[in-house]
1. Look at the range 84-110 and say how many of its residues are within 12 Å of the ligand (Cβ to nearest atom), surrounded by fewer than 22 Cβ atoms within 10 Å (Cβ to Cβ) and not in a helix (DSSP H, G or I).
2. Which condition does Val221 not pass, out of (1) in a helix (DSSP H, G or I); (2) more than 26 Å from Leu306 (Cα to Cα); (3) touching a Ser or Thr at 6+ places or on another chain (Cβ under 9 Å), if it passes all the others?
3. For the range 37-83, how many residues are assigned to a strand (DSSP E or B), in contact with a helix residue (DSSP H, G or I) (Cβ under 9 Å, 6 or more places away or on another chain) and more than 10 Å from the ligand (Cβ to nearest atom)?
4. If Gly347 passes every condition in (1) touching a helix residue (DSSP H, G or I) at 6+ places or on another chain (Cβ under 9 Å); (2) over 26 Å from Asp212 (Cβ atoms); (3) of a type outside the set (S, T, N, Q); (4) surrounded by 15 or more Cβ atoms within 10 Å (Cβ to Cβ) but one, which one does it miss?
5. Test each condition in (1) in contact (Cβ under 8 Å) with a residue 24 or more places away in the chain; (2) over 23 Å from Tyr238 (Cα atoms); (3) within 16 Å of the ligand (Cβ to nearest atom) for Pro159 and report the one that comes out false.
6. In the range 95-125, which residue that is in contact with an Asp or Glu (Cβ under 8 Å, 6 or more places away or on another chain) and aliphatic (A, V, I, L, M) is farthest from Phe79 (Cα to Cα)?
7. Could you list, ordered by first residue, the pairs with Cβ atoms under 7 Å in which the first is in the range 112-127 and closer than 16 Å to Tyr36 by Cα and the second is more than 9 Å from the ligand (Cβ to nearest atom) and part of a loop (DSSP other than H, G, I, E, B), at least 6 apart or interchain?
8. For a quick check of your reading: which strands (runs of 3 or more DSSP E) sit entirely within the range 257-327 and have at least 1 residues that are within 19 Å of the chain's Cα centre (by Cα) and surrounded by 20 or more Cβ atoms within 10 Å (Cβ to Cβ)?
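Values quoted throughout were computed directly from the atomic coordinates according to the rules given, and no laboratory measurement underlies them. The structure presented is a predicted model; accordingly, all values stated were derived computationally and were not measured. Glycine also receives a Cβ, built like all others from the backbone with ideal geometry; neighbour counts cover every protein chain displayed.
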Amino acid sequence: MNSLNDKIRSLIADKGMITFAEFMNMALYEPGQGYYQKQNPFGHQGSFYTSVNASASFGRTLANAFADTATRLSLPAHFCEMGAGSGMLANDILTHLKNTKPDFYAELKYTIIEKSGYLIERQKELLKEHEGKINWTAFEDFGGFQGVFYSNELVDAFPVHRVIRIGEEVKELYVIEHEGGLTFYPEKLSTPKIQEYLDRINLKITDGQIVDLNLDMTGWVQALSSKIDKGIVFTIDYGYPAENIFASYRRDGTVTCYYKHSQNNDFFERVGDQDITAFVDFTSLQSYGHDAGLVPVSLTPQWLFLVQSGILSEIENAETDLQKASVKALIMPEGGFGTNFFVLIQGKNVTVPDDFPYRKGAKETLDILAKMNGF
Ligand SMILES: C[S@@+](CC[C@H](N)C(=O)[O-])C[C@H]1O[C@@H](n2cnc3c(N)ncnc32)[C@H](O)[C@@H]1O
């Protein structure tokens, strides 16, 4: 079998050049060879930690929030997780519900949508205890959903197009072969969708600035809306509103690589052995979703969402200092999970009541907590 590098080079030889999105898609998802298709990338032995690996408190807290949401909005007990990685989040959520809300667990159906065949096998192995409750489906076959849909760090793993302004012209950075190596090459935009994206957020790229645009995200959120009859969507990821992500001081875009827990921008090295990921533009995610019928409910920093969902009791109940510290890492600024991560909530054909706790601001949430604790 050809190595992944050979496959990419042969595609470039055929087409002359490929978009960075095509390159990233192959580097991450080429069957049997892409980064997510052949190894467990998560946790200590992998390239990076997600909130899921940081502490099981994350999954337990989300389980409470999702079950609470289903009850408050009278949604069927059906959860769908997209991009389930090692299956740890599903396991933490299901185990917690089994232990604490057995009636809800008994009713609950759990659907997983996962692109990596390798990871599906791992998920099946890890989730044996919940066999019968879970079904795996492809995004294309998913539809008519009623319930709670969520993802953690899915959208940051979608391939991005790299766009640069050179003088008066907006160009796309393609990948070409040059003097035996791969390198970037600016040429005209591969699709009108790029200019549409820029116009929608009224983004004026400054001369020499690179921006990374997640067109797959826009297609995904529009398709997702058509697949949901009645439900709520939680998208948890790292990123910011557009004005931050595309601010002129970010000259080189946000796409980056992780290899064994170190960050680098050597995009064309260790192809298939390192992660490639970019910040999520929550403004566009909300806007494209809204056009397709997903009504924005709130965009909340992860720390606040977890506090609203009761994570402070996880700190109180932690048995060791290490456990306490790992829960705190999810909400404190130093860990990164607390400040760089957001939770976008969107709804379709649901009425969100005024007392829905996950749309309140920080002050209101902290006032409610203080009152509950008698301060
Ligand atoms: C960064 S990992 C996050 C994994 C896990 N949610 C966590 O937080 O640890 C991204 C996950 O999304 C999956 N993924 C990426 N694109 C996908 C797609 N289009 N459909 C389904 N899964 C996808 C990857 O295979 C991987 O499991």
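1. 1
2. The failed condition is (2).
3. 2
4. (1)
5. (2)
6. Ile120
7. Ile113/Phe142; Gly117/Pro31; Tyr118/Lys38; Arg122/Asn40
8. 275-277, 295-301
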